[in-house]
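The structure under discussion appears below in the form of structure tokens.
The values are calculated or read from the model by the stated rules, or taken from the named source; none is laboratory data. Fair warning: this is a prediction, and the values are worked out from it, not measured in the lab. Please note: Cβ atoms are built from the backbone with ideal geometry, for glycine as well, and neighbour counts cover all protein chains shown.
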Amino acid sequence: MSDGPRGTIRLAALTRSYGRTTAVDGIDLEVRAGELITLVGPSGSGKSTILRLIAGLDRPDGGQVLVDGTDVAAVPPHRRAVAMVFQDYALFPHLTVLGNLTFGLRVRRVRRAEADRRARAAAERLGIGDLLERYPDQMSGGQRQRVALARALLRDPSVYLLDEPLASLDAQLRFATRADLLALHRELRTTTIHVTHDQHEAMTLGDRVVVLAAGRVRQVGPPQQVYDEPADTFVAGFLGSPPMNLVPGGGVLGGDEAMTLGVRPEDLTLDDAGPVTATVEAVEALGSEAILLTRCPDGTRLTVRTGPRPGVGPGDEVRLLADRLHRFDAATGRRR
Amino acid sequence: MKRPRPPLTGWAFLAPYAIAVAVLVAVPALLNLGYAFTDHTGLTRDPQFTGLANVRRMLDDRFLLDSLEASLFHVALAVPVRFLAAVGLGLLLAAPRPGGRWFRTAVYLPTVIPDVALAVLFLWVLNPLYGPLNQLLGLVGHSGYNWLADPTTARIGVVLMLAFPIGEGFIVVLAARRLLDGRLYQAAALEGCGPFGQLRRLTLPLLAPVLVLLAVRDIILTLQVNFVPAYVLTDGRPANATLYLPVYIFDQVFEFSGFAYGSLVTILLMLITAVIITGLLLAVRRWRVLR
């Protein structure tokens with residue numbers, strides 16, 4: 001390996017197809033040492049395949065994976081200094097937590113006493129020290145997730161690969177575990193690539209976020225920047241909930257035929273002097289906020305995010321003021 | 001308060017099977033137990049109770065000793081051979097690969113062939129003059145065996161024949177292996193676990209409950225299915241080498257009119273089966289594969 005910080009990853013023109021489907025289509029990406037980067041995209045966008053290619057569980061049809069500047073094509077998975085946390089964790093069901101944690105150490109012929117000591121230390125660190133004798137089917141989702149993390153920790157890797165680690169947790173636990181993951185990363189400062197289809201995770205977890213669609217990178221950048229300046233209509237529609245209102249040709253938002261105009265629901269405000277007229281079709285009261293689904297006279301639907309108790313109901317006529325308009329090329333969808 | 005009567009629907013559905021089990025299995029088994037202590041010949045209607053006379057006869061029956069030895073030899077050789085064949089082929093052919101479906105069909109095919117047909121086929125396979133087995137041995141410079149005329153090779157010949165109808169075990173292993181989560185294998189590969197490590201640390205422990213079940217089933221089966229090959233290939237000969245317990249029971253009951261004595265030997269066969277299986281389960285418990 002070359003000198004310099006451990007854990008830099010470079011993907012160069014990485015490509016992988018399965019039959020006629022191209023899962024990963026010429027990806028170029030550079031991950032800095034110690035960075036926490038999030039790959040986000042709809043299912044089938046190739047994010048899990050990228051992880052598998054980095055881990056060595058799959059071979060690229062073209063392009064390279066460089067870890068710390070070295071092409072790892074000829075390096076088998078277990079020599080790549082990567083640890084992976086699988087979706088649903090892939091814990092060995094016939095082994096106790098201790099057995100799961102010492103599995104890799106024992107395969108690498110670490111003596112049992114030493115393996116036990118290290119496993120216990122990792123378990124303590126993640127707060128599962130009292131679960132060592134349990135079997136995976138005797139634990140909750142959150143506990144299993146910690147076992148999977150502890151197993152990854154024990155590999156002492158230069159890169160962590162997390163494949164939807166929070167997807168099978170319930171909403172409340174996901175919120176708490178997200179914070180734990182962040183804290184763990186801050187403590188370890190090890191390069192981490194985190195895959196998710198959940199945009200909340202993408203926004204909150206990564207130093208940078210990579211938006212993928214159909215095996216290609218659509219945009220890379222810090223989450224807030226990607227949110228504020230989406231590179232194209234796909235990213236604009238994908239990040240944000242409810243998604244950005246996109247009006248081809250500008251329509252009620254003004255503009256011209258060659259452009260698609262976008263406005264985020266929170267940038268539309270109810271204003272009696274606003275230029276856009278619309279009829280409220282439905283109100284979703286979410287407690288801390290409300291979402292208005294409205295329709296303009298020309299049929300354009302606009303979603304509006306307001307504070308709680310907006311004081312309007314279905315059938316009411318409202319006037320809207322649009323702020324922070326996003327302009328996209330109507331033909332290519334690229335940002336103008 | 002009156003408790004509602006449980007509906008009779010469940011019992012009604014169970015009835016046909018329960019009646020059949022009672023009439024065709026339970027009652028004959030009990031009768032068999034009773035007949036074992038009589039002088040019943042199977043031809044007359046008035047068997048007399050004879051106490052332990054049959055048991056005393058059993059204790060110095062030299063043929064029974066030969067029969068026991070033949071059966072135990074057979075189980076000791078046939079069960080491991082059949083088990084290894086079924087598990088090995090099941091694991092090898094579980095993964096999808098080109099032509100896999102043809103190999104799987106080929107493995108299952110002998111199971112479809114009726115026992116008697118397979119036995120007749122093996123009369124030819126084991127023929128010392130023109131049988132393909134001796135011809136194969138001839139290719140490597142061996143003069144071949146007179147398979148069914150020598151006690152040891154006759155027993156091996158029967159095991160050889162029964163090593164082919166292993167379809168059920170094969171299918172069970174195949175199905176069980178395919179249910180295992182592929183990500184477990186990826187996780188193991190990431191830890192540096194190679195193919196043999198994965199077999200030893202993942203596949204076999206995860207399949208252990210299925211494998212134990214298969215072994216138990218095969219012990220029961222193997223103690224009984226050697227009847228047809230022995231009858232067609234050797235008729236219990238040479239020198240009683242293939243006079244397996246089922247063959248001996250058949251001879252006693254239907255050839256020598258010793259229905260009562262035959263009944264007693266069936267009970268012995270059942271006890272031997274129970275002892276072997278108990279031994280197996282105790283051994284397995286020590287390895288803690290069944291949680």
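Yes/no per residue for (1) under 20 Å from B:Ala189 (Cα atoms); (2) within 12 Å of chain B (Cβ to nearest Cβ); (3) in a helix (DSSP H, G or I); (4) basic (Lys, Arg):
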position	(1), (2), (3), (4)
A:Asp130	no, no, yes, no
A:Asp137	no, yes, yes, no
A:Gln143	no, no, yes, no
A:Leu149	yes, no, yes, no
A:Arg155	yes, yes, no, yes
Starting from residues that are of a type in the set (A, V, I, L, M) and in a loop (DSSP other than H, G, I, E, B), keep the ones in the stretch B:118-139 and report whichever is modelled with the lowest pLDDT. B:Leu129
Condition check for B:Val79: β-branched (Val, Ile, Thr), more than 21 Å from B:Glu255 (Cα to Cα) and in contact (Cβ under 8 Å) with a residue 60 or more places away in the chain: yes
Could you give me the residue pairs with C-beta distances under 8 Å whose first residue belongs to the stretch A:70-95 and is more than 8 Å from chain B (Cβ to nearest Cβ) and at positive phi, whose second residue is of a type in the set (Val, Ile, Thr) and crowded, with 17+ Cβ neighbours inside 10 Å wherever it lies, and which are 6+ apart or on separate chains? A:Ala81/A:Val67; A:Ala81/A:Val159; A:Tyr89/A:Val147
Listed by range, helices (runs of 4 or more DSSP H) wholly within the stretch B:195-256 having at least 2 residues that are under 23 Å from B:Leu84 (Cβ atoms) are B:195-198, B:204-225
What residue, among those in the stretch A:63-86 that are assigned to a loop (DSSP other than H, G, I, E, B) and surrounded by fewer than 18 Cβ atoms within 10 Å (Cβ to Cβ), is farthest from the chain's Cα centre (by Cα)? A:Ala74
Please verify whether A:Ala119 is small (Gly, Ala, Ser), touching a Lys or Arg at 6+ places or on another chain (Cβ under 7 Å), within 14 Å of chain B (Cβ to nearest Cβ) and crowded, with 17+ Cβ neighbours inside 10 Å, treating the condition exactly as stated. no
Which of the residues that make up the stretch A:285-302 are within 19 Å of A:Gly249 (Cβ to Cβ) and in a loop (DSSP other than H, G, I, E, B)? A:Cys296, A:Pro297, A:Asp298, A:Gly299, A:Thr300
Considering residues of the stretch A:284-336 that are in contact (Cβ under 8 Å) with a residue 24 or more places away in the chain and small (Gly, Ala, Ser) only, the residue nearest to A:Pro230 (Cα to Cα): A:Gly333
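Taking the stretch A:301-315 on its own, how many of its residues are on the phi < 0 side of the Ramachandran plot and either exposed (fewer than 14 other Cβ atoms within 10 Å of the Cβ) or modelled with pLDDT under 90 (or both)? Outline the logic, then answer.
Narrowing the stretch A:301-315 to residues on the phi < 0 side of the Ramachandran plot: A:301-308, A:310, A:312-314.
Now restrict to residues that are either exposed (fewer than 14 other Cβ atoms within 10 Å of the Cβ) or modelled with pLDDT under 90 (or both): A:301, A:307-308, A:310, A:312-314.
Qualifying residue count for the region: 7.
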Go through the stretch A:149-174 and report how many residues are polar (S, T, N, Q) and either buried (at least 17 other Cβ atoms within 10 Å of the Cβ) or under 8 Å from A:Ala83 (Cα atoms) (or both). 1
How many of the residues in the stretch B:142-190 are of a type in the set (Val, Ile, Thr) and either within 14 Å of another protein chain (Cβ to nearest Cβ) or over 18 Å from the mean Cα position of the chain (by Cα) (or both)? 2
Give me the residue from the stretch B:237-252 that is buried (at least 21 other Cβ atoms within 10 Å of the Cβ) and within 22 Å of B:Arg56 (Cβ to Cβ) and, out of that set, farthest from the chain's Cα centre (by Cα). B:Gln252
So which residues in the stretch B:191-232 are touching a residue at least 12 places away in the same chain (Cβ under 8 Å) and either over 29 Å from B:Ser71 (Cβ atoms) or within 13 Å of another protein chain (Cβ to nearest Cβ) (or both)? B:Gln198, B:Leu199, B:Arg201, B:Leu202, B:Thr203, B:Pro205, B:Leu206, B:Leu207, B:Ala208, B:Pro209, B:Val210, B:Leu211
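Go through A:Arg112, A:Arg146, A:Arg134 for me and flag whichever is over 21 Å from the mean Cα position of the chain (by Cα) and either among the aromatic types (Phe, Trp, Tyr) or surrounded by 14 or more Cβ atoms within 10 Å (Cβ to Cβ) (or both).
Going through A:Arg112, A:Arg146, A:Arg134 in turn, just one is over 21 Å from the mean Cα position of the chain (by Cα) and either among the aromatic types (Phe, Trp, Tyr) or surrounded by 14 or more Cβ atoms within 10 Å (Cβ to Cβ) (or both): A:Arg134.
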Among the numbered criteria (1) among the charged types (D, E, K, R); (2) modelled with pLDDT of 90 or more; (3) under 20 Å from A:Leu181 (Cα atoms), which one does A:Asp88 miss? (2)
Given the conditions (1) modelled with pLDDT of 90 or more; (2) away from chain B (no Cβ under 14 Å); (3) surrounded by fewer than 17 Cβ atoms within 10 Å (Cβ to Cβ), which single one is not true for A:Arg59? (2)
Tally of residues being closer than 30 Å to B:Tyr244 by Cα, part of a helix (DSSP H, G or I) and not hydrophobic (A, V, I, L, M, F, W, C) across the stretch B:146-187: 8
